[in-house]
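Participant: First the structure, then my questions, so here it is.
The values are calculated or read from the model by the stated rules, or taken from the named source; none is laboratory data. Computed from a predicted structure; not experimentally measured. Cβ sites come from the backbone with ideal geometry, for glycine too, and all protein chains shown count toward neighbours. Ligands, DNA and RNA are excluded from the accessible area calculation, which covers all protein heavy atoms including side chains. Shrake-Rupley method; radii C 1.70, N 1.55, O 1.52, S 1.80 Å.
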Amino acid sequence: MRILITNDDGIHAEGIQVLERMARAMSDDVWVVAPETDQSGFAHSLSLSEPLRLRKLDDRHYALRGTPTDCVIMGVRKIMDSPPDLILSGINSGTNVADDVTYSGTVAGAMEGTLLGIRSIALSQAYTFSEEGRMVPWEVAEAVGPALLEKLVRTDLPTGTFLNVNFPNCDPAAVAGTKVTTQGKRVHGLWIDERRDGRNFPYYWLRFGREPSEVRAGTDLAALRDNFVSVTPMHLDLTAHELRDRLERAIG
């Protein structure tokens, strides 16, 4: 199996190193093309107005000054002499669940692979904060991820679909299992902070200010709350099919 790995946290992120070790348990043909810098929140964006600067680290590791989407295209269309069988995006520092998937560069890497007709999986690890900063239990993904990936890569996926995997924030021994989930719903939690620079000019900073959400059973949010790994099947078709008949009647 030929595997291409990308992420949105950047080429030097700890999560991509964990993911590469997991991939090498399945194959010795593993390639890494990841952003030169952190691209969190860039979603499924392309670099159309700036050149893509590529830096070769070794024969199968490349850093790109671009987005996760750029990285997948560069890996498949330019760097690799034949397309991969599998694209893995992550492991992200922090979950990509509920509405957050629309902002996620990690999920976008899997989306782009799906557009290219390649089986793709996005992976993320939940974490908590302490006074020292983020406390990311990478050992959870590393403990339960390899066996899960083996099962997922053997599962047939319909055209235009991919998988979004999230690991819970707990000790590996406390993982309750794996659940196939639906996408949850959060209360919108992005706010604008107004601040002043050293010359008293205003500037603005996006911040998260989550309000409690109602967590529905069967969702990715519920699974992580209960220490389950969440596997959410997703598709690229954004059509609201249930509205088609109503709209046809309205405009007919």
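Participant: Let me know the shape class of the stretch 1-105, please: from the alpha-carbon gyration tensor, a ≥ b ≥ c as square roots of the eigenvalues, rounded when a/c is under 1.5, otherwise prolate if a/b is greater than b/c, or oblate.
Facilitator: Numbers: a/c = 1.64, a/b = 1.14, b/c = 1.44.
It comes out oblate by the Cα gyration axes.
Participant: Using just the helices of the chain, give the 222 nm mean residue ellipticity in deg cm²/dmol: DSSP H runs with n ≥ 4 each add -39,500 (n - 2.57), and the total is spread over all residues, rounded to 500.
Facilitator: Numbers: 6 runs with 59 residues, N = 252.
Rounded to the nearest 500, it is -7000 deg cm²/dmol.
Participant: Over what distance in Å are the Cα centres of the stretch 179-252 and the stretch 59-101 separated?
Facilitator: If you average the Cα positions of each part, the centres end up 22 Å apart.
Participant: Next question, about the same structure. Only loop residues by DSSP count here, and only those with at most 10 other Cβ atoms within 10 Å; note down the trypsin sites (Lys or Arg not before Pro) in the stretch 148-181 that meet that. Show your work: numbers first, answer last.
Facilitator: Values: sites: LYS151, ARG154, LYS179; in loops: ARG154.
Taking the stretch 148-181 and a limit of 10 other Cβ atoms within 10 Å, the loop trypsin sites (Lys or Arg not before Pro) found are ARG154.
Participant: Still on this structure: To the nearest 20 debye, what charge dipole does the chain have about its Cα centre, counting +1 at the Cβ of each Lys and Arg and -1 at the Cβ of each Asp and Glu? Don't skip to the answer; put the middle values down first.
Facilitator: Working: 27 positive and 35 negative charges, 82 e Å.
The dipole of the chain has a size of about 400 debye.
Participant: With label points built 7 Å along Cα→Cβ from the Cα atoms of THR37 and GLN17, find their separation and express it in nm.
Facilitator: According to this spin-label approximation, the distance is 2.2 nm.
Participant: Got a sec? Charge dipole of the stretch 174-252, +1 on Cβ for Lys and Arg, -1 for Asp and Glu; which of ALA176, LEU238, PHE201 is way out at the positive end?
Facilitator: Among ALA176, LEU238, PHE201, the one farthest towards the positive end of the dipole of the stretch 174-252 is PHE201.
Participant: Follow-up. For the stretch 8-46 and the stretch 111-157, what is the centre-to-centre distance using only Cα atoms, to the nearest Å?
Facilitator: Their Cα centres are 11 Å away from one another.
Participant: Please report the antiparallel percentage of DSSP beta bridges with both residues in the chain, rounded to the nearest 5. Provide the component values of the computation, followed by the final result.
Facilitator: Working: 21 of 49 bridges.
If we restrict to bridges inside the chain, about 45 percent are antiparallel.
Participant: Does the stretch 154-252 come out rounded, prolate or oblate by the C-alpha gyration tensor, with a ≥ b ≥ c the root eigenvalues, rounded set by a/c under 1.5 and, if not, prolate when a/b is larger than b/c and oblate if not?
Facilitator: On the way: a/c = 2.35, a/b = 1.17, b/c = 2.00.
Since a/c reaches 1.5 but b/c is at least a/b, the shape of the stretch 154-252 is classed as oblate.
Participant: Sticking with this one: If the chain between GLU150 and ASP29 were fully stretched, how many nm would it gain, using 0.36 nm times the residue separation less the Cα-Cα distance?
Facilitator: Value of the extension gain: 42.0 nm.
Participant: With a probe of 1.4 Å, find how much accessible area the chain has per residue, and write the answer as a whole number in Å². Please list the in-between numbers first.
Facilitator: Values: 13740 Å² over 252 residues.
Ligands and nucleic acids excluded, the result is 55 Å² per residue.
Participant: I've got another one for you. Calculate what fraction, in whole %, of the accessible area of the chain sits on carbon and sulfur atoms when a 1.4 Å probe is rolled over the protein chains. Intermediate results must be reported in sequence, preceding the final value.
Facilitator: Working: 7120 of 13740 Å².
Carbon and sulfur: 52 percent of the exposed surface of the chain.
Participant: For the chain, what class follows from the C-alpha gyration tensor (a ≥ b ≥ c being the square roots of its eigenvalues): rounded when a/c is under 1.5, otherwise prolate if a/b is larger than b/c, else oblate? Numbers along the way, then the final one.
Facilitator: Working: a/c = 1.15, a/b = 1.07, b/c = 1.07.
Note, shape of the chain comes out rounded.
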